[in-house]
Amino acid sequence: MQKQSWTDLEIIEAIQAGGARREAALKHIVQQSGWKESVANLIAPEKRNLADVEEIFQESLIAFHRKIWDRQYEGRSTLKTYFLGIAKNKWFTLLRSRRPLEEYAEQDADTHVADAEAVLISADAVAWLTKQMNLMDERCKRLILLAYNGYSSAEIAETVPFSSPEMAKKALYRCRKHYRELLGDRLKDFLN
């Protein structure tokens, strides 16, 4: 049975505890907290579309999780207010990235074109890396993503499951090695 109501302290403790408690807290935020609707209302209701709301919510959730996990939240506001502040910053960043280049002053054009090229290259690289990741089996993808999201070997062992953290660590090592091999074989093609 799912917990119906969470206090801010319970959410913080669950995220910092990791494993199944973290998953339950994040599931609550996504499915029951009403935070996604608040994000939708925050980002200019007359102009929003569902894809923007989903993108901003997901990016905000990732940043929120990292800040709580890294103990950067100082308790100066409620968690919802803190989350919405993150979402607002993500929204403004997205809007700035969509601003037409013509709006920039001519003397800044070279700098902004270089920035835009870097963003496009970065987006291409992420798409390419994701494509390579999708060539791996589901288990390896999951292990690498859990490690990327800050899960310890013990948490991975509990989540996947493995008989011990050491077994999880060995499996993760093998999967990372395999991913590097995949990248090595294809990296030259991508760069050319």
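Just to be sure I understand, how many residues within region 34-59 are surrounded by fewer than 18 Cβ atoms within 10 Å (Cβ to Cβ) and not in a helix (DSSP H, G or I)? Of the residues in region 34-59, 7 are surrounded by fewer than 18 Cβ atoms within 10 Å (Cβ to Cβ) and not in a helix (DSSP H, G or I). Across region 60-89, the number of residues qualifying as among the hydroxyl-bearing types (Ser, Thr, Tyr) and in a loop (DSSP other than H, G, I, E, B) comes to 3. Output yes when any residue across region 98-116 is within 21 Å of the chain's Cα centre (by Cα), at pLDDT below 80 and closer than 21 Å to residue 63 by Cβ, and no when none is. Scanning region 98-116 turns up at least one residue that is within 21 Å of the chain's Cα centre (by Cα), at pLDDT below 80 and closer than 21 Å to residue 63 by Cβ.
Can residue 95 be described as under 19 Å from the mean Cα position of the chain (by Cα), outside the structural domain of residue 148 (by TED's automatic domain parsing), surrounded by 11 or more Cβ atoms within 10 Å (Cβ to Cβ) and at pLDDT below 80? When the stated conditions are applied, residue 95 passes them.
If only one of 125, 157 is of a type in the set (Gly, Ala, Ser), modelled with pLDDT under 85 and not assigned by TED's automatic domain parsing to the domain that holds residue 15, which one is it? Within the list 125, 157, the selection yields 125.
The values are calculated or read from the model by the stated rules, or taken from the named source; none is laboratory data. Quick caveat: nothing in here was measured; it's all calculated off a predicted structure. Glycine gets a Cβ as well: all are built from the backbone with ideal geometry, and neighbour counts include every protein chain shown.
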